[in-house]
Amino acid sequence: MQAGFARVNISPPSGTPLLGVGETTNRISVSINDPIHVRSLSLRHEDHEVLIMAFDLCFLGREDSDRFKGVLGRETGLLPSQILLAASHTHAAPALGCYYDMEYAPPLRDYLRDLERAVVCAAKESRNNQREVRLRAGMAKTKLPLNRRQLRDGKIVNAPNPKGPTLDSLPMCLFEDSQGKPVAFLFSISTHPVCMRGLEVSADYPGMAMEALDSHLGATCSIFLQGTGGDSRPRPLGDGKMDWNFDSGADDARAIGRILADEVKDGLRALKPVEPKIRSAIIETQWPFQNVKRQDYEAILRRAGYQATPDKPDTGSSLEKMHHRWAGRQLRLLDQGNMPKSLSILLQGIQIAEGVRLVALEGEPMAEQGKAMEEFFGNDTLTFALGYANGEGIYLATSQMLDEGGYEAESYWEYGHPAPLAKGAEKTLVNGLQNLNFGT
């Protein structure tokens, strides 16, 4: 196998809107706490090639992902199935995609142009840096994820829930050259990077962990891939508490990054050689919505405090204005006959070695879905169960979550979608995995 790595800085200028906490128009960056990057791993084996690109971004929307895959295809000749674009989901990065108020705001065109140049540069550099490698891989465990869905006073709230499900998997794969020097290192855990909530740009705990691991390995080579952490936050932010620490900052991100790096270092000792084998595939899966109810949208528009015109919500809170605007848009789609009945979610698979594969969902998957992805391929396969890939999607709420309620089940409108997902996500995922034909 030939492998090459590259890292390119994608930190935005001050004054760039940030995504992850409230409206982007009200969260304008003032400085950079730590640089954010795009990291590229180029792999070639026999007649097969793939490109794995990881971004220190909250989201990389479907439109942005398609744009970058298009230009990468033109520059490299690779197909979309051969290119994985994954966001770490740091909540202190530039506002890309169509989430929440970005559906109605002009895109950050200057930053997108800079980012496109960085993506092409990283891809070409990683391909040019290819050299022969050996692979070692293994699965460790992490204690960092803590479930965030707590039942309180009969309702599901975003609070620490030590009894709730988490995915504790910590898969890793190390690529070393003939001299034993690291060329690239993939690792993943499943929990939200939400330490940095202010006006500073940051890669959050994944960036801190990669910095520590690069120092430990003696090379700039680490690539963090976000797992199925839609329903969890880092344990130190809520362990032993009734509520999360919402005043966290750089010190917390650094401390959590060190904990993750130490868990990885322990796992490195148990890595075993694996034989390279590259295969890749990508498919669209359809996740049905619940039935749309016109009266629900009309009720939102009639609610006290709103102006009558859906495009001009001049009164009410910021959240109410956005909800009002969303409802007006849904009514227009309904009247035009353009209301979607399901949501397209991309599912991608990349095999990098015998028994080692990345399986990536667009959107924000849950811990139970990560477990299902691992179980589908069996105990003899090392599976990186990933989310936040190739688009922003939606919270992929499980059937149980839809019955229980809570943010993950009820935030569909923040993503611009007309209704909650229908129950049955478990079957939709398994059907998708069955149709994702790649590798053995």
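Of all the listed residues (D266, D247, D262, D252), the sole one being of a type in the set (D, E, K, R) and touching a residue at least 60 places away in the same chain (Cβ under 8 Å) is D266.
Within the stretch 241-290, being among the small types (G, A, S), outside any helix (DSSP H, G or I) and touching a helix residue (DSSP H, G or I) at 6+ places or on another chain (Cβ under 8 Å) holds for S248, S280, A281.
Annotation: G218 fulfils all but one of (1) of a type in the set (G, A, S); (2) out of contact with any helix residue (DSSP H, G or I) (no Cβ under 9 Å at 6 or more places or on another chain); (3) closer than 28 Å to E404 by Cβ; the unmet one is (3). Based on this model, can you work out whether S222 counts as under 19 Å from the mean Cα position of the chain (by Cα), within 22 Å of A122 (Cβ to Cβ) and crowded, with 17+ Cβ neighbours inside 10 Å? Yes, satisfied.
Find the residue count for the stretch 185-203, including only residues that are assigned to a strand (DSSP E or B) and either modelled with pLDDT under 95 or of a type in the set (D, E, K, R) (or both).
Let us first name the residues in the stretch 185-203 that are assigned to a strand (DSSP E or B), namely 185-189, 200-201.
Still in the list and also either modelled with pLDDT under 95 or of a type in the set (D, E, K, R) (or both): 200.
Number of matching residues: 1.
Can you find even one residue in the stretch 223-241 that is among the aromatic types (F, W, Y) and within 16 Å of R39 (Cα to Cα)? The answer is yes; a qualifying residue exists.
Answer with yes or no whether Q179 is at pLDDT 95 or above, of a type in the set (S, T, N, Q) and surrounded by fewer than 18 Cβ atoms within 10 Å (Cβ to Cβ).
Numbers: at pLDDT 95 or above: yes; of a type in the set (S, T, N, Q): yes; surrounded by fewer than 18 Cβ atoms within 10 Å (Cβ to Cβ): yes.
Here the answer is yes, as Q179 does meet what is asked.
Within the stretch 164-176, is there a residue that is touching a helix residue (DSSP H, G or I) at 6+ places or on another chain (Cβ under 9 Å), assigned by TED's automatic domain parsing to the domain that holds T16 and more than 26 Å from N390 (Cβ to Cβ)? Among the residues of the stretch 164-176, at least one is touching a helix residue (DSSP H, G or I) at 6+ places or on another chain (Cβ under 9 Å), assigned by TED's automatic domain parsing to the domain that holds T16 and more than 26 Å from N390 (Cβ to Cβ), which makes the answer yes.
Could you please find all residues in the stretch 208-238 being in a strand (DSSP E or B) and either closer than 23 Å to R149 by Cβ or among the small types (G, A, S) (or both)?
Let us first name the residues in the stretch 208-238 that are in a strand (DSSP E or B), namely 222-227, 232-234.
Within the stretch 208-238, S222, Q226, G227, S232, R233, P234 qualify.
Among helices (runs of 4 or more DSSP H) entirely within the stretch 322-440, having at least 2 residues that are in contact with a Pro (Cβ under 6 Å, 6 or more places away or on another chain) and either without any contact (Cβ under 8 Å) to a residue 24 or more places away in the chain or closer than 21 Å to M139 by Cα (or both) singles out 367-377. Here A385 fulfils each of the conditions (1) under 28 Å from Q2 (Cβ atoms); (2) among the small types (G, A, S); (3) out of contact with any helix residue (DSSP H, G or I) (no Cβ under 9 Å at 6 or more places or on another chain) apart from (3). Contact map, the stretch 18-47: first residue in the same structural domain as R254 (by TED's automatic domain parsing) and in contact (Cβ under 8 Å) with a residue 24 or more places away in the chain, second residue crowded, with 23+ Cβ neighbours inside 10 Å and charged (D, E, K, R), Cβ cut-off under 8 Å, separation 6 or more or different chains; pairs are I36/D56; H37/D56; V38/D56.
The values are calculated or read from the model by the stated rules, or taken from the named source; none is laboratory data. All figures in this text were calculated on a predicted structure; none of them were measured in a lab. Cβ atoms come from the backbone with ideal geometry, glycine included; neighbour counts cover every protein chain shown.
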